[in-house]
1. So what's the back-of-envelope 222 nm ellipticity for the chain, counting only DSSP H runs of four-plus at -39500 (n - 2.57) apiece and dividing by all residues, rounded to 500?
2. Could you work out how far apart the two model spin labels at Thr316 and Asp128 are, taking each label as a point 7 Å from the Cα in the direction of the beta carbon, and quote it in nm?
3. What is the chain's relative contact order, in percent, from Cα pairs under 8 angstrom and six or more apart in sequence?
4. Pop a pseudo-label 7 angstrom from the Cα along the beta-carbon direction at both Asp368 and Val43 and give the gap in nm to one decimal.
5. At 4 °C and 1.567 mPa s, what whole-number value in µm²/s does Stokes-Einstein give for the translational diffusion of region 198-327, with Rh from the Kirkwood sum over Cα pairs?
6. Apply the Karplus curve 6.51 cos²θ - 1.76 cosθ + 1.60, θ = phi - 60°, to the phi angles in region 340-353 and return the couplings in whole Hz, x for Gly and Pro.
7. Applying 1/(1 + (r/R0)^6) with R0 = 25 Å to the Cβ-Cβ distance of Lys181 and Thr264, what FRET efficiency is obtained, to the nearest 0.05?
8. Go from 0 up to the bin containing the longest alpha carbon distance in region 1-85, width 10 Å each, and give me the % of pairs per bin.
Amino acid sequence: MSNVLVIGGGGREHAVCLALSKSKRVDKLFCVPGNAGIAQIAVVKPLSVFDFDGIYEFVKQNDIDLVFVTPDDPLAKGMVDYLSERKIRAFGPTSAAARIESSKVFSKNFMMRHGIPTAKSVVFDSADKAIEYLGSACYPIVLKADGLALGKGVLICADFDEAKRAVDELMIDKAFGDAGKTILVEEFLVGREVTVMAFCDGEHISLMPSSQDHKRAFDGDKGLNTGGMGAFAPSPYFTEAHKKEFVERIAVPTVKGLISEGITFKGVIYFGLMMTKDGIKVIEYNSRLGDPETEAVLPLLKTDLMDIVDACIDGTLDKLNVEWENKTGFTVVIASGGYPEKVVKGYEITIGELSGVTLYHAGTAIKDGVLVTSGGRVFELSGVGSDLESAKKLVYGQIDKIKFTDCRYRSDIGKV
Ligand code: AMP
Ligand code: GLY
């Protein structure tokens, strides 16, 4: 039996905690910093995810055997390296491996080196040179900050004026700090977006069911890009033929490429894909589970998550048969009114009686004994159905039982 600590405090971490709490092999479960929902199934500790020394102390005090590092920032800053150096078992990529997400320039060059299909792009570290290039470019065009920018460092520009403003925002005003010191100017890909996440033990990979996220804030894909407003899994558009193409042209070359560059990636690789008329192309890699994709995908997992985590760390994933329900997972984000911009926190929440669904907390806290909102994405309501329609009906049939001031959700998740 193991004592396990999960790092992070959103709906994705709630889903990870719930899956681990069902494991026969987990004794005590802890989460840093967690949230009010996670506190119902794990001991939560309000430490910063960047307080590596504080987390190490907490691990020692509580005889924790394994740390599951979920969010991108602590992975990029080397939490797994730090813990491993101190002989603590940790699940997630090292800082060097997490560069497939933390540097878009690195990841683009990596794909070019290994012939992995992706959008064509040019790198700039001078605003003047970028603007000169954009003067004679084809539109729409995509500008991306090199570094991590809370999922907001990607700007799709319809014409030169918009592109010039985007260069100013990223490189001159430094809206995302040093993340925008270097930018990529990228060809705009047209097609359907699909996500495939995969467990990886450094050498072998095991694919999860495909999924689709809805990134824009409002129905009909209107409004600003968000971290994601809902998801479902699997995607009915990602056929067996697509899967074969993805494995041969993207997944296997990615793992082989990492090995050939001396990078041992252990954890979850998230492949953000565009199914274009010229084949499947990689939009981005993430070095972790997606949010809210995880809240749609993990409820389909039949295998004990601890067995998968151990196999990834020990390099034995090829020996494990990871099984998934042949059903559809569906999740809708319940957000605070201003999300993804200005968010008012501290609204009191009431939750009616729910049945056959799982309510993952994303941004909640307890204040004076009362459950209140504490973030932009407040909950994800998830359900599993025999198909997309039944899963959708199950979740939307109960979503209005969750109430707080300015509560908002998209009503068209799963409209494909
Ligand atoms: P990323 O952070 O790289 O996933 O980009 C955020 C979102 O921007 C993606 O989910 C896509 O919807 C969109 N996007 C990024 N790159 C491109 C591209 N080259 N062509 C079209 N859309 C893109
Ligand atoms: N939902 C997209 C992400 O987690 O990056």
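Readers should treat all values here as calculations from the given coordinates under stated rules, not as data from a laboratory. Given the structure is predicted, the values throughout are model-derived calculations rather than measurements. Cβ placement follows ideal geometry from the backbone for every residue including glycine, while neighbour counts extend to all protein chains displayed.
1. Working: 13 runs with 103 residues, N = 416.
One gets -6500 deg cm²/dmol as the mean residue ellipticity at 222 nm.
2. 6.0 nm
3. Working: 965 pairs, mean separation 68.3, N = 416.
Dividing the mean separation by the residue count of the chain yields 16 percent.
4. The answer from the label model is 3.0 nm.
5. Working: Rh = 15.7 Å.
Here the translational diffusion coefficient equals 83 µm²/s.
6. With coefficients 6.51, -1.76 and 1.60, one gets x, 9, 7, 10, 8, 9, x, 6, 6, 10, 10, 10, x, 6 Hz.
7. Details: r = 28 Å, r/R0 = 1.13.
E between Lys181 and Thr264, to the nearest 0.05, is 0.35.
8. Percent of pairs per bin, in order: 19, 56, 24, 0.
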